[in-house]
Structure formats: C-alpha cells, structure tokens
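Any read-out appearing in this document is the output of simple, stated calculations on the displayed coordinates, not a laboratory observation. None of the values given here were measured: they were computed from a predicted structure. Cβ coordinates were reconstructed from backbone atoms using ideal geometry, including for glycine residues, and neighbour counts include every protein chain displayed.
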Amino acid sequence: MRDRHHLILWIIIILVPIIVFIKTNNWENAIMAFLGGVIFYLLYGLSWFRRNQKRQVDSEIWKISKLSDEQLEDFTIPLLTKLGYTITKPNDDNPDISFLLTLPTGNQAIVKVKSHKREIGIRLVQKTLKQMDIYEAGECWVITNERFTRQAIEYAKANNTRLCDREQFIDWILKVKKGEQVRG
C-alpha cells in the first residue's frame with residue numbers, strides 16, 4: 001500500500017475510538033472501536049496483498065527481473081508500440097539513451113531503459129536528462145525493471161522526468177493483455 005493510504009487509515013483508526021469515547025464516555029466502546037479498526041486494517045492489508053500478488057502473476061513480471069539491458073530494451077519496445085507509442089532508434093550509438101518515443105500527443109521523448117538488480121539512483125536520471133537538448137525532445141523517460149531511490153524520484157519530479165519502474169511495467173503488460181492503448 002502507498003504510504004499515504006497507511007497514514008490515512010491509521011489516523012482514522014486512532015481518531016474513531018477517541019470520538020467514540022468523547023460521545024459515549026465509555027472506554028469499552030472506545031477499545032472495541034479501536035480493535036474493529038485494527039481488524040479492518042488487517043483485512044484491507046490482506047486484500048491489497050492478494051490483489052498485488054494477482055497482478056504480478058497475471059503480468060508475469062518475474063520474466064523481466066533477470067533481463068540484461070538489451071533484452072529489457074527488446075522487451076520494452078514492442079510493449080510500448082502495442083500501447084500506441086511510436087519508437088525510433090537514433091542514428092548515433094549514444095549509450096545514454098535507448099530510443100526516441102513519440103507520444104500520442106505528438107511530443108517526443110528520449111528514453112533510457114536500464115536493467116538493474118537493485119534501486120536505480122540519481123546519476124542515471126541526470127545522465128539521461130542531459131541528452132534532451134541533443135535530441136530536441138520535450139520529455140525524458142527512464143525505464144527500469146526495479147525501483148528508484150528517493151533522491152532519483154525527487155530529482156525527476158524537479159526536472160519533469162518520467163520514471164517508469166516495475167509497477168509501471170505491470171500496468172503496461174496488463175493493459176496490453178486487455179488490448180488497451182494509451183490516450184493522447
């Protein structure tokens with residue numbers, strides 16, 4: 001679950017018993033409200049966990065976990081093409097970008113696909129972002145089979161860079177299986 005959902009649920013779990021106690025002036029009712037909230041939280045967490053496991057199984061995400069950079073790029077290109085993006089390989093052999101992507105809106109993005117065994121840090125995002133002027137692209141995307149560090153996420157937000165991690169791959173794979181395309 002996302003941190004925000006945890007925080008909201010725990011605030012509710014704590015506030016409801018307080019409100020119950022204020023209204024009824026009865027500790028037993030407040031404790032029962034708290035236990036009810038904790039049970040709800042556990043059931044919600046269990047259903048979230050099962051949903052997440054089903055998404056991973058349905059998408060077969062484990063297949064991309066051990067791919068090399070080239071294999072992950074070869075996996076990503078047809079996936080994005082099926083989603084309605086247009087892919088162009090640059091003429092030069094620039095190791096800092098994998099391909100150019102034309103969005104349904106007509107904007108062009110540079111894309112770097114990187115396979116990794118642990119979180120991707122800020123350096124890869126910085127290196128890729130520097131290539132935007134060379135290719136006159138309007139956007140920058142960094143795609144990985146793992147997750148990004150907090151610093152990379154903050155840097156990307158500050159520089160209008162799109163980070164696509166393993167969760168994004170799951171979404172893309174499931175959309176392709178359903179036959180969906182991206183909207184302009």
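By count of other Cβ within 10 Å, fewest leading, how are 28, 73, 146 ordered? Don't skip to the end; give the middle numbers.
Details: 28 10, 73 19, 146 15.
Least crowded to most crowded, the residues run 28, 146, 73.
Please identify every one of the trypsin sites (Lys or Arg not before Pro) in the range 1-97 that sits in a loop by DSSP and has no more than 16 other beta carbons within 10 Å of its own beta carbon. Walk me through the intermediate numbers first.
On the way: sites: 2, 4, 23, 50, 51, 54, 55, 63, 66, 82; in loops: 2, 66.
Answer by residue number: 2, 66.
Determine the gain in length on full extension of the stretch residue 157-residue 40; use 0.36 nm per residue of separation and subtract their C-alpha separation, reporting nm with one decimal. Walk me through the numbers on the way to the answer.
On the way: separation 117, 0.36 × 117 = 42.12 nm, distance 3.41 nm.
Stretched fully, the residue 157-residue 40 segment lengthens by 38.7 nm.
Using a 7 Å offset from the Cα along the Cα-to-Cβ direction at both residue 19 and residue 147, what is the distance between the two label points in nm, to one decimal?
Placing both labels 7 Å beyond Cα along the Cβ direction yields 3.2 nm.
Does anyone have the angle between helix 27-59 and the longest principal axis of the chain? Alpha-carbon axes, 0 to 90°, nearest 10?
With both axes taken from Cα atoms, the answer is about 20 degrees.
For helix 3-24, report the angle its Cα long axis makes with the longest principal axis of the Cα atoms of the chain; keep it between 0 and 90° and round to the nearest 10°.
10
Efficiency by 1/(1 + (r/R0)^6): what FRET value for residue 62 and residue 130, r their Cβ-Cβ distance, R0 = 35 Å, to the nearest 0.05?
Details: r = 33 Å, r/R0 = 0.94.
Between residue 62 and residue 130 the formula returns 0.60.
Using only the C-alpha atoms of the range 1-108, find the volume of their convex hull and express it per residue in Å³.
Details: hull volume 17.8 nm³, N = 108.
Output value, Cα hull per residue: 165 Å³.
Please work out how much length the chain gains when fully extended from residue 70 to residue 96, using 0.36 nm per residue of separation minus the C-alpha to C-alpha distance, in nm with one decimal. Provide the component values of the computation, followed by the final result.
Numbers: separation 26, 0.36 × 26 = 9.36 nm, distance 1.30 nm.
Here the answer is 8.1 nm.
Under 5 Å between amide H atoms, partner at least 5 residues away or on a different chain: which partners does residue 143 have, H built in plane at 1.01 Å?
112, 113, 114, 164
Expressed as cubic angstrom per residue, what is the convex hull volume of the alpha carbon set of the range 3-59? Kindly include the intermediate steps, with their values, before the conclusion.
Numbers: hull volume 3.2 nm³, N = 57.
Hull volume normalised by residue count: 57 Å³.
List, in order, the whole-Hz ³J(HN,Hα) value for each residue of the range 122-134 obtained from phi through the Karplus relation with A = 6.51, B = -1.76, C = 1.60 and θ = phi - 60°; use x for Gly and Pro.
5, 4, 5, 5, 5, 4, 5, 4, 5, 7, 4, 5, 4
Please say if the range 62-178 is rounded, prolate or oblate, where rounded means a/c under 1.5 for a ≥ b ≥ c the square roots of the C-alpha gyration tensor eigenvalues, and otherwise the choice is prolate for a/b larger than b/c and oblate otherwise? Provide the component values of the computation, followed by the final result.
Details: a/c = 1.39, a/b = 1.06, b/c = 1.31.
The shape class here is rounded.
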